[in-house]
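Since the structure comes first, as C-alpha cells, the remarks are kept for the end.
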Amino acid sequence: MKFKILFIVLLVVLGIGYVVFTVVTKSNNNDTNNTVTPGDNLQSGNPDLPIEPAALVVRKDLAMRLGVEEKKIVILEVAEKMWNNGCLGLEQRGEMCTEALVSGFRVLLAVDGKQYAYRTNKDGTVFRAEPGVVKTGEVINN
C-alpha cells in the first residue's frame with residue numbers, strides 16, 4: 001500500500017515538474033526572439049520592434065547633415081536620460097536655457113564606421129547633436 005502511494009506521489013511530482021519546465025522554456029524562447037543587440041539596423045530588421053520616435057528624428061537629421069540615406073544609419077543605442085536644462089545640457093555661450101529638468105534620450109548612431117551621439121527630449125521635438133563624432137576625429141557642427 002505504501003509503495004502505491006509513493007508511486008502516485010512520484011508521478012504527480014514528475015508531472016508538475018514537466019509542466020513547469022515546458023512553460024518556462026516556452027516563455028524564455030519567446031523573450032529571446034525579440035532581443036535587440038547593438039548594431040542591429042532596427043529600421044530594416046523586425047518591423048514589430050518599437051523604435052523611439054525621437055531616435056528616428058535624429059537619424060533623419062544626421063542623414064541630412066552627412067548627405068547619406070537614412071537607411072545607411074544604424075541606431076546603436078537609445079538610452080533614457082534626464083537632462084539638467086532645456087538645452088539638454090549642451091548650452092552654447094550666451095544662450096538662455098530653461099532651468100527645468102527635461103526627460104529624454106541619448107541616441108547613439110553609426111554610419112560608415114563612425115559613431116555620432118544626439119540628445120533629445122522625450123518626443124524628439126527638441127534635439128541636439130553632441131559636439132564631435134564619438135569614435136573618430138570628424139566634427140559635427142551644431
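Check off (1) among the charged types (D, E, K, R); (2) in contact (Cβ under 8 Å) with a residue 24 or more places away in the chain; (3) surrounded by fewer than 17 Cβ atoms within 10 Å (Cβ to Cβ) for R93 and give me the number that stays unchecked. Among (1) among the charged types (D, E, K, R); (2) in contact (Cβ under 8 Å) with a residue 24 or more places away in the chain; (3) surrounded by fewer than 17 Cβ atoms within 10 Å (Cβ to Cβ), R93 violates only (2). Candidates are the residues of the stretch 91-142 that are among the basic types (K, R) and in a loop (DSSP other than H, G, I, E, B); the one that is modelled with the highest pLDDT is K122.
The values are calculated or read from the model by the stated rules, or taken from the named source; none is laboratory data. This one's a predicted model, so the numbers in the text were calculated from it and none came from an experiment. Note that each Cβ is placed from the backbone with ideal geometry, even for glycine, and that neighbours are counted across all protein chains shown.
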